[in-house]
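Only one structure is covered here, and it is reproduced in the block below.
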Amino acid sequence: MGIKKSATKYLLIMLAGLIFCLSICLAKPSFVKAGNDNDAPLTTKEIEEAVRKYFPMLFEAVKEAPATYQIEKDDLIDNKLLAPIRVITPMYSLEQLLNGMEIHVLHIPVVNAQGDIKLIFSVIKTDGSINCSLGPDFANALNQLKEEGVDRAVVLQDKNGIQILDQHDTKISDCIGTESITRYEQERFLRGPYISLDLFQVDEHLTEIARDSLREIEVVPTNQSGTVTKQSRMATNQQATDSSGYSLRVSSPIKGRQTTAYPLNKYLNSYPIVHQRVDGIQRGLCWAATVASMVRFEKPTHYGNLTAKQVADYMGIGYDAGGTNTQARNALSHYLGSPYLPTIMGVLSSNEIRIVINNIDPAYLQCRRKAGFWPWSYDYHATAMTGYDFRLGLTVQIMDPAYECFKSCTSDGESWTFAFADTRFTWQRTICLLYRA
């Protein structure tokens with residue numbers, strides 16, 4: 001009897017401890033530091049410094065190939081920055097919102113001379129470091145609000161998509177093609193003015209900082225910049241080499257090479273945008289969409305219409321199950337065949353990035369974010385690297401299948417991090433298209 005009572009008491013203590021841990025996890029799923037005290041929220045000073053340091057760098061990268069970013073050259077004249085937008089994630093409770101939720105990602109719309117939103121400048125803080133990105137993102141959805149005469153709204157995010165709702169409880173746009181944000185979640189976050197966004201208000205202070213910074217920069221001139229297609233490279237020289245004679249078609253893991261002959265910026269031309277939707281609904285197919293885009297670029301004649309759904313179906317993977325690096329590599333091997341040798345590697349150095357892009361190849365970037373209480377719990381996202389610009393700093397161009405657009409992203413010298421709405425993803429692993437000798 002004594003043993004039974006002791007066991008019961010022990011079990012009750014363990015159960016109470018488990019409930020306590022779960023309550024912490026569920027109450028603040030994205031705030032738990034997991035031993036990291038550097039994940040402080042963004043400050044006004046950091047936002048201003050990000051505009052001063054990174055906006056000119058990314059803006060100049062966009063100017064190199066505006067059509068890639070779905071804009072015209074005239075859209076990059078007399079630009080202004082609007083008040084920052086914060087995306088709301090339904091897992092946050094109203095109490096957390098009212099008590100001042102920590103903000104690690106803010107999106108600053110960039111308008112042209114006519115007042116149309118053309119780009120989104122995102123400021124991301126992770127582990128004390130600041131990274132930024134610039135691309136169309138959800139600019140079209142915001143312009144739709146303007147056309148509808150809506151000036152107050154809330155932007156909601158779930159795992160795979162974004163919705164924008166106006167103050168009259170009307171769904172304005174499934175701008176990323178989601179239906180998984182429930183009606184209950186919509187109604188929760190439409191109560192009260194504290195979560196509505198005042199749209200289309202120019203932030204004169206940030207605009208002045210951006211313009212001053214753009215006037216002060218000196219862009220390093222280069223006669224070798226621009227875009228190039230896979231076909232043009234292969235037509236002129238199947239075994240392209242740099243000035244030192246090193247073959248770009250490597251058959252072993254990329255190592256630091258002499259890259260002085262490579263241009264300071266280069267982009268893959270006519271790279272396809274592949275979405276991760278099935279029947280119009282955004283699914284967890286970023287990995288398959290990235291694979292499909294790489295295959296379509298490398299073999300447009302054979303697989304010019306390959307979709308994320310087809311890749312997932314071939315691999316026998318569910319649309320929301322996600323794909324591992326090994327599965328993505330195996331899918332690339334299947335579709336590309338010999339002499340391609342898809343190889344899983346770590347984060348590439350700046351020299352390795354230049355080698356890959358000057359070989360007229362994209363790269364598969366696996367990125368991750370902390371998710372939940374447990375130290376080993378992560379969410380993952382995949383994008384394709386399609387270019388770089390090192391004239392003013394470290395910038396890569398990616399094709400993001402979630403936003404269905406290209407964007408330029410900065411590095412703080414330690415990591416590469418970009419945002420999907422309110423979530424932060426940091427580049428962790430790479431699949432490079434190496435070649436068999």
- Query: In the list Asn325, Asn351, which residue meets the criterion of being at pLDDT 90 or above, assigned by TED's automatic domain parsing to the domain that holds Cys286 and under 29 Å from Glu60 (Cα atoms)?
  - Reply: Asn351
- Message: Among the listed residues Val396, Val356, identify the single one that is under 17 Å from the mean Cα position of the chain (by Cα) and either among the hydrophobic types (A, V, I, L, M, F, W, C) or farther than 15 Å from Leu134 by Cα (or both).
- Response: Val396
- Query: Restricting attention to the stretch 361-374, does a residue exist that is more than 24 Å from Asn269 (Cβ to Cβ) and out of contact with any Ser or Thr (no Cβ under 9 Å at 6 or more places or on another chain)?
  - Reply: yes
- Item | Residue satisfying condition, being over 20 Å from Asp400 (Cβ atoms) and either among the small types (Gly, Ala, Ser) or at pLDDT below 95 (or both), within set Gly135, Gly100 | Gly100
- Single condition Arg368 does not satisfy, out of (1) assigned to a loop (DSSP other than H, G, I, E, B); (2) touching a strand residue (DSSP E or B) at 6+ places or on another chain (Cβ under 6 Å): (1)
- State yes or no: is Asp39 within 24 Å of the chain's Cα centre (by Cα), at pLDDT below 90 and charged (D, E, K, R)? yes
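Quick grid of which residues meet (1) under 17 Å from Ala384 (Cα atoms); (2) acidic (Asp, Glu):
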residue: Asp279; (1), (2): no, yes
residue: Val291; (1), (2): yes, no
residue: Gln310; (1), (2): no, no
residue: Tyr319; (1), (2): no, no
residue: Thr326; (1), (2): yes, no
residue: Tyr335; (1), (2): yes, no
residue: Ser338; (1), (2): no, no
- Message: For the stretch 230-246, check the following and say yes or no: at least one residue is part of a loop (DSSP other than H, G, I, E, B), basic (Lys, Arg), at pLDDT below 90 and assigned by TED's automatic domain parsing to the domain that holds Leu341.
- Response: no
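Residue-by-condition table, conditions (1) on the phi > 0 side of the Ramachandran plot; (2) of a type in the set (Val, Ile, Thr); (3) surrounded by fewer than 24 Cβ atoms within 10 Å (Cβ to Cβ); (4) in contact with an Asp or Glu (Cβ under 7 Å, 6 or more places away or on another chain):
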{"position": "Arg354", "(1), (2), (3), (4)": "no, no, yes, no"}
{"position": "Ile360", "(1), (2), (3), (4)": "yes, yes, yes, no"}
{"position": "Tyr364", "(1), (2), (3), (4)": "no, no, no, no"}
{"position": "Tyr380", "(1), (2), (3), (4)": "no, no, yes, no"}
{"position": "Thr395", "(1), (2), (3), (4)": "no, yes, no, yes"}
{"position": "Glu414", "(1), (2), (3), (4)": "no, no, yes, no"}
{"position": "Phe420", "(1), (2), (3), (4)": "no, no, no, no"}
{"position": "Phe425", "(1), (2), (3), (4)": "no, no, no, no"}
- Message: Just to be sure before I move on: is Leu156 part of a strand (DSSP E or B) and modelled with pLDDT under 85 in the structure I sent?
- Response: yes
- Task: Would you check if there is a residue in the stretch 167-176 being buried (at least 20 other Cβ atoms within 10 Å of the Cβ), at pLDDT below 75 and outside any strand (DSSP E or B)?
- Result: yes
- Would you be able to tell me the number of residues in the stretch 323-348 that are surrounded by fewer than 19 Cβ atoms within 10 Å (Cβ to Cβ), in a loop (DSSP other than H, G, I, E, B) and touching a Cys at 6+ places or on another chain (Cβ under 9 Å)? 0
- Selection within the stretch 397-412 - more than 18 Å from Ile273 (Cβ to Cβ) and crowded, with 24+ Cβ neighbours inside 10 Å: Thr410
- Message: Can you tell me how many residues within the stretch 47-63 are among the acidic types (Asp, Glu) and more than 20 Å from the chain's Cα centre (by Cα)?
- Response: 2
- Message: Just the residues that are farther than 17 Å from Gly284 by Cβ and either among the aromatic types (Phe, Trp, Tyr) or touching a strand residue (DSSP E or B) at 6+ places or on another chain (Cβ under 6 Å) (or both), please, taken from the stretch 400-413.
- Response: Cys405, Phe406, Lys407, Ser408, Cys409, Thr410, Asp412
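Table: residues versus (1) assigned to a helix (DSSP H, G or I); (2) at pLDDT 95 or above.
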residue	(1), (2)
Lys255	no, no
Thr260	no, no
Val274	no, yes
Val291	yes, yes
- Message: Suppose we filter the stretch 43-73 for residues that are closer than 13 Å to Ile117 by Cα and outside any loop (DSSP other than H, G, I, E, B); how many remain?
- Response: 1
- Message: Can you pull out every residue in the stretch 385-437 that is part of a strand (DSSP E or B), aliphatic (A, V, I, L, M) and within 18 Å of Ala50 (Cβ to Cβ)?
- Response: Val396, Ala419
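The values are calculated or read from the model by the stated rules, or taken from the named source; none is laboratory data. Predicted model, so just to flag it, every value in this text is computed and none were measured. Every residue, glycine among them, receives a Cβ derived from its backbone with ideal geometry; neighbour counts consider all protein chains shown.
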